[in-house]
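Visitor: Quick one: the structure is below, questions incoming.
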Amino acid sequence: MALPPSKRWATVAGLFLLSQIVVFGGLYLIFGKIVVIGFFASILAGLATGLGALPALFFKKISNNLFNSMLGAAAGVMLAATAFSLLVPGMNYGNLIWPGNGIYVVSAGMLIGALFLHYADRQLPHVHFDLVSDTQLRSFNKIWLFIIAITIHNFPEGMSVGVSFGSGEMKNGVVLAVAIALQNIPEGLAVALPLVGLGYNRWRAVGIATLTGLVEPVGGLLGITMVTVFQPILPIAMGFAAGAMLFVISEEIIPETHSNGRSRYATFALMVGFIIMMILDNALG
């Protein structure tokens with residue numbers, strides 16, 4: 001702190017760059033290229049939360065129809081990614097390890113993933129998405145409990161990216177990382193806008209929203225190293241990630257889009273999001 005500002009920031013940047021070289025270099029030497037790529041992809045997906053929060057620098061609220069449409073499209077994207085990048089390849093890998101039983105192994109993993117989030121939802125104090133969607137909300141405690149909820153749900157999303165890359169199929173990992181990134185954009189906005197409404201500095205609100213997404217690389221690293229080292233658990237892990245994502249979609253995102261009554265905008269946005277991700281999955285081979 002005693003250094004001039006230019007030297008101080010240059011020192012911080014240098015230390016950060018050095019730390020990244022050590023982290024990524026260590027991962028490459030221990031686990032190989034696929035783990036490094038998967039970890040980096042999960043970081044980018046998490047940073048999309050900060051990208052989604054950027055409008056909070058200019059606005060204090062957006063229309064309900066626009067916000068619900070963004071969430072609906074995110075739900076569609078996640079549903080398609082769950083189906084085509086987790087469940088289908090998970091069943092294929094399961095059949096290679098346990099011929100004819102892949103679907104049952106993945107189904108068991110899905111139930112475990114859903115039960116895990118159910119347990120976390122019960123044990124950790126937070127409020128649900130639909131209770132804080134009003135960007136004029138002034139309750140400090142509720143907003144911070146909601147931020148905790150977003151952070152909790154980002155962990156299995158990051159894990160799903162890691163698990164997908166851990167399968168060795170780069171295409172599935174890329175598709176899922178894109179899907180999670182798109183889904184994180186409205187989440188970042190949902191975190192930042194209430195904080196601005198409470199009087200937080202706009203850049204600080206964007207920073208907090210970004211931090212909620214940076215738990216994803218932790219989950220991503222855990223997922224990708226776990227299935228890389230223990231290949232037989234890959235089908236169960238893919239089912240677990242799919243179950244966790246479906247739980248979030250059904251429990252949080254879709255109810256939020258209809259919290260003020262039926263939302264036709266969100267319904268069509270969900271279908272468009274699903275179609276776009278289905279086309280992307282097909283385009284990537």
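Visitor: What residue, of Y28, Y93, is of a type in the set (F, W, Y) and free of Cβ contacts under 8 Å to residues at least 24 places away in the same chain? First the steps, then the outcome.
Guide: Working: Y93 fails: free of Cβ contacts under 8 Å to residues at least 24 places away in the same chain.
Only one candidate passes the filter, namely Y28.
Visitor: Please list, ordered by first then second residue, the pairs with beta carbon atoms under 6 Å, 6 or more apart or interchain, first in the stretch 250-279 and closer than 21 Å to H118 by Cβ, second among the acidic types (D, E).
Guide: Cβ pairs passing all conditions: P255/D130; E256/D130; S259/D130.
Per-residue answers, yes or no, for (1) modelled with pLDDT under 85; (2) aliphatic (A, V, I, L, M); (3) surrounded by 18 or more Cβ atoms within 10 Å (Cβ to Cβ):
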{"site": "T49", "(1), (2), (3)": "no, no, yes"}
{"site": "F58", "(1), (2), (3)": "yes, no, no"}
{"site": "K61", "(1), (2), (3)": "yes, no, no"}
{"site": "N65", "(1), (2), (3)": "yes, no, no"}
{"site": "N68", "(1), (2), (3)": "yes, no, yes"}
{"site": "L71", "(1), (2), (3)": "yes, yes, yes"}
{"site": "A75", "(1), (2), (3)": "yes, yes, yes"}
{"site": "A81", "(1), (2), (3)": "yes, yes, yes"}
{"site": "S85", "(1), (2), (3)": "yes, no, yes"}
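Visitor: Moving on to the next point. Output yes when any residue across the stretch 228-235 is aromatic (F, W, Y) and either within 20 Å of A74 (Cα to Cα) or open to solvent by 60 Å² or more (accessible area, probe 1.4 Å) (or both), and no when none is.
Guide: Let us first name the residues in the stretch 228-235 that are aromatic (F, W, Y), namely 230.
Still in the list and also either within 20 Å of A74 (Cα to Cα) or open to solvent by 60 Å² or more (accessible area, probe 1.4 Å) (or both): 230.
Among the residues of the stretch 228-235, at least one is aromatic (F, W, Y) and either within 20 Å of A74 (Cα to Cα) or open to solvent by 60 Å² or more (accessible area, probe 1.4 Å) (or both), which makes the answer yes.
Visitor: How many of the residues making up the stretch 180-190 are within 26 Å of Y28 (Cβ to Cβ) and modelled with pLDDT under 80?
Guide: The total comes to 0.
Visitor: Mind checking whether some residue in the stretch 97-105 is buried (at least 19 other Cβ atoms within 10 Å of the Cβ) and either within 22 Å of the chain's Cα centre (by Cα) or of a type outside the set (D, E) (or both)? Walk me through it before giving the result.
Guide: We begin by selecting, within the stretch 97-105, every residue buried (at least 19 other Cβ atoms within 10 Å of the Cβ); these are 102, 105.
Those left that are additionally either within 22 Å of the chain's Cα centre (by Cα) or of a type outside the set (D, E) (or both): 102, 105.
Yes.
Visitor: Among the listed residues F84, F40, F59, which satisfies the condition of being more than 15 Å from S164 (Cβ to Cβ) and of a type in the set (A, V, I, L, M, F, W, C)?
Guide: Numbers: F84 fails: more than 15 Å from S164 (Cβ to Cβ); F40 fails: more than 15 Å from S164 (Cβ to Cβ).
Criteria check complete, one pass: F59.
Visitor: Then there's this: In the stretch 161-178, how many residues are assigned to a helix (DSSP H, G or I) and surrounded by 24 or more Cβ atoms within 10 Å (Cβ to Cβ)? Even if it seems obvious, please write down each step before you answer.
Guide: First pass over the stretch 161-178, keeping only residues assigned to a helix (DSSP H, G or I): 161-166, 170-178.
With surrounded by 24 or more Cβ atoms within 10 Å (Cβ to Cβ) added as a condition, the list becomes 161-166, 172-173, 175-177.
Residues in the stretch 161-178 being assigned to a helix (DSSP H, G or I) and surrounded by 24 or more Cβ atoms within 10 Å (Cβ to Cβ): 11 in total.
Visitor: Moving on. Taking the criterion of being under 18 Å from G223 (Cα atoms) and open to solvent by less than 90 Å² (accessible area, probe 1.4 Å), would at least one residue in the stretch 2-24 satisfy it?
Guide: We begin by selecting, within the stretch 2-24, every residue under 18 Å from G223 (Cα atoms); these are 23-24.
Filter once more, keeping what is open to solvent by less than 90 Å² (accessible area, probe 1.4 Å): 23-24.
Yes, that holds for at least one residue.
Visitor: Is it the case that the stretch 212-220 has a residue that's surrounded by 24 or more Cβ atoms within 10 Å (Cβ to Cβ), at pLDDT 80 or above, under 16 Å from the mean Cα position of the chain (by Cα) and hydroxyl-bearing (S, T, Y)?
Guide: The answer is yes; a qualifying residue exists.
Visitor: Picking from V196, V206, which residue would you name as being open to solvent by less than 30 Å² (accessible area, probe 1.4 Å), over 19 Å from P156 (Cα atoms), touching a Gly at 6+ places or on another chain (Cβ under 8 Å) and touching a residue at least 24 places away in the same chain (Cβ under 8 Å)?
Guide: Checking each option against the conditions leaves just V206.
The values are calculated or read from the model by the stated rules, or taken from the named source; none is laboratory data. This is a predicted model, so every value here is computed, not measured. Please note: Cβ atoms are built from the backbone with ideal geometry, for glycine as well, and neighbour counts cover all protein chains shown. The area values use the complete protein model at the heavy-atom level, side chains included, leaving out ligands, DNA and RNA. Shrake-Rupley method; radii C 1.70, N 1.55, O 1.52, S 1.80 Å.
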